[in-house]
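Working notes for the structure below.
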Amino acid sequence: MANFSTNEFRPGLKVMLDGDPCSILENEFVKPGKGQAFNRVRMRNLKTGRVWERTFKSGESLEGADVMDRTMEYLYNDSEFWYFMEPDTFEQHQADAKALGDAYLWLKEQDTCEVTLFNGTPLSVAPANFVELEIVETDPGLKGDTAQGGSKPAKLSTGAVVKVPLFVTTGEVIRVDTRTGEYQNRVSK
Amino acid sequence: MIDWRPGASQALLLRRAELLARVRAFFAHRAVLEVETPLLCSRGITDPAIEPLCVSGGLSLGGSSRYLQTSPEYAMKRLLAAGSGPIYQICKAFRDGEAGRRHNPEFTLLEWYRPGMDQHALMAEVAALVCACLGEGPWQAFTYRAVFQQCLQLDPFTADLAALQSAARQLTDTGSLAGDRDFWLDLLLTHAVEPWLAGQGLCFIYDYPASQAALARLVERDGHTVGERFELYIDGIEVANGYHELADAAEQRARFEADNRRRQSMGQVERPLDEALLAALEAGLPACSGVALGLDRLLLLASGEADIRRVLAFSWERC
């Protein structure tokens, strides 16, 4: 991979740091009136998710990281791996639980999601912002109770538990914002 | 589609013209002479932390290259030594690799020299000029030592390397950074002192460590040698750098040579010394103080913009 100097650090650039792929979030050039110039760089470690600020001497360079975001279709999982397919090439990739993180809570077979590949292997998986999932378990609701507030927990087919309004019942399909885990609305089947 | 439009609004172009007019009126009123010196110089600057841009093509160059000036200091000192009296200049200066929210590789400098003034008299004049441009307001001045004690509870003149490093590590992930005391002092200045200065309005820092004196005279202060150098910060943004000017030719030559040794040790190219400047110092530079002030930054502060690219008609990326 090419090397990138601090003056080429742009948000979104992926670089290798201490053996881990990292994404640049912000890069600020600072220099006292006279003297050493620095770059204060906010970055995310793509393996651990940690976000922090590291200071570099201006002009230092880092090796680029072979990291790519790909839209893929989720196929299925066995006890160990989750399987994804690139829709254009039909190439399949397997991701382990570490790469999945919490994403498994929002994955339904045949849904599309963003898979980040590092050296060709899934590093992380981001579900679509909104997914539609079936409720498999929730307390019986009160008929006609559509106006008042109040909510109850509902377990979805993936195992995720979200808060839903009291009128929503088992067997219904709901739309959820995966970034916040919040119920959006019911979906007619 | 090429983005041909300026990055600055029409209102900011007017604001710039007004600022330039105010600066010229300020100096006309004080009988300081406006001068011009060349942008292309055959001698570069030795300071290891400043890299010039180099022009190397063209018949007039006669096979050698010239540097775009990083400041008009050397030429203006030659005018002073020739008896110019108080002078100022508004010009472009260039520094390679300096780009960011507050840096553009090409920028506008206001530089002036005052025979007979010490650094404190010149600080007062800088404050008067800034007030004439931004509106009246109070200003304060701290020594370099006091400001480090205030922000970091450490004495920049006596703290050892380990203490400076450990203070730096509390501010940021220092990774594989390595350097001498000045390196860590610079990091502490940019990461701790400058953010503190953001809440201090118009504020001077003066009496720098001798190792950071650059072209300032050295004096003894409370048992430490300090450079009579000052920096002006406005709301934490560095705006001006001034010296009670070093006039001793031998000492100046020794500092240039020390710069070149540092450059060599860090793998940077050495710079030929400006012999014309050294000859002018030899002939006699009047006792004076001088200061360089970034006009684009002053405009940034006057307009309340956050990014220097918004006050430049065409920033580096647009030309």
Does A:GLU137 satisfy being over 19 Å from A:THR48 (Cβ atoms) and assigned to a strand (DSSP E or B)?
yes
What's the number of the condition B:ARG181 fails, among (1) more than 10 Å from every other protein chain (Cβ to nearest Cβ); (2) within 22 Å of B:ARG263 (Cα to Cα); (3) touching a Phe, Trp or Tyr at 6+ places or on another chain (Cβ under 9 Å)?
(3)
So for the stretch B:23-41 (the condition being in a loop (DSSP other than H, G, I, E, B), in contact with an Asp or Glu (Cβ under 6 Å, 6 or more places away or on another chain) and surrounded by 14 or more Cβ atoms within 10 Å (Cβ to Cβ)), does at least one residue qualify?
no
In the stretch B:214-229, residues that are within 14 Å of the chain's Cα centre (by Cα) and either within 16 Å of B:PHE148 (Cβ to Cβ) or without any contact (Cβ under 8 Å) to a residue 24 or more places away in the chain (or both) total 1
Residues located in the stretch B:45-67, provided they are in contact with a Cys (Cβ under 8 Å, 6 or more places away or on another chain) and either farther than 21 Å from B:ALA99 by Cα or small (Gly, Ala, Ser) (or both)
B:SER65, B:ARG66
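This table checks each residue for (1) within 14 Å of another protein chain (Cβ to nearest Cβ); (2) surrounded by fewer than 21 Cβ atoms within 10 Å (Cβ to Cβ); (3) of a type in the set (Gly, Ala, Ser).
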| position | (1), (2), (3) |
| --- | --- |
| B:TYR144 | yes, no, no |
| B:VAL147 | yes, no, no |
| B:LEU152 | no, no, no |
| B:SER166 | no, yes, yes |
| B:LEU177 | yes, yes, no |
| B:ASP186 | yes, no, no |
| B:HIS191 | yes, no, no |
| B:TRP196 | yes, yes, no |
| B:GLN200 | no, yes, no |
Any residue at all in the stretch B:10-32 that's without any contact (Cβ under 8 Å) to a residue 60 or more places away in the chain, closer than 22 Å to B:LEU299 by Cα and polar (S, T, N, Q)?
yes
Residue check: is B:ASP160 in contact with a strand residue (DSSP E or B) (Cβ under 8 Å, 6 or more places away or on another chain) and surrounded by fewer than 21 Cβ atoms within 10 Å (Cβ to Cβ)?
no
Condition check: over 20 Å from B:GLU194 (Cα atoms), touching a Gly at 6+ places or on another chain (Cβ under 6 Å) and within 14 Å of chain A (Cβ to nearest Cβ). Does B:ARG255 satisfy that?
no
Has the stretch B:59-67 got any residue that is outside any strand (DSSP E or B), surrounded by fewer than 17 Cβ atoms within 10 Å (Cβ to Cβ) and in contact (Cβ under 8 Å) with a residue 12 or more places away in the chain?
yes
So is A:ALA103 more than 30 Å from A:LEU17 (Cα to Cα) and hydrophobic (A, V, I, L, M, F, W, C) or not?
no
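Need a quick list: strands (runs of 3 or more DSSP E) entirely within the stretch B:207-305 having at least 2 residues that are within 30 Å of B:LEU19 (Cα to Cα).
B:224-234, B:237-244, B:288-294
Just to be sure, is B:ARG22 basic (Lys, Arg) and more than 30 Å from B:ASP182 (Cα to Cα)?
Considered against the rule, which asks whether it is basic (Lys, Arg) and more than 30 Å from B:ASP182 (Cα to Cα), B:ARG22 comes out as yes.
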Can you pull out every residue in the stretch B:68-98 that is within 14 Å of chain A (Cβ to nearest Cβ) and surrounded by fewer than 18 Cβ atoms within 10 Å (Cβ to Cβ)?
B:ASP96, B:GLY97
Those residues of the stretch B:100-118 which are crowded, with 18+ Cβ neighbours inside 10 Å and within 14 Å of chain A (Cβ to nearest Cβ) amount to B:GLY100, B:ARG102, B:HIS103, B:ASN104, B:PHE107, B:LEU109, B:GLU111
List the strands (runs of 3 or more DSSP E) that sit entirely inside the stretch A:1-106 and contain at least 3 residues that are of a type outside the set (A, V, I, L, M, F, W, C) and either without any contact (Cβ under 8 Å) to a residue 40 or more places away in the chain or more than 12 Å from chain B (Cβ to nearest Cβ) (or both).
A:20-30, A:38-45, A:51-57, A:67-77, A:92-95
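None of the figures in this text is laboratory data; all of them are computed from the coordinates on show. What you see is a predicted model; the values in this text were computed from it and never measured. Using ideal geometry, Cβ is built from the backbone for each residue, glycine included, and neighbour counts are taken over all protein chains shown.
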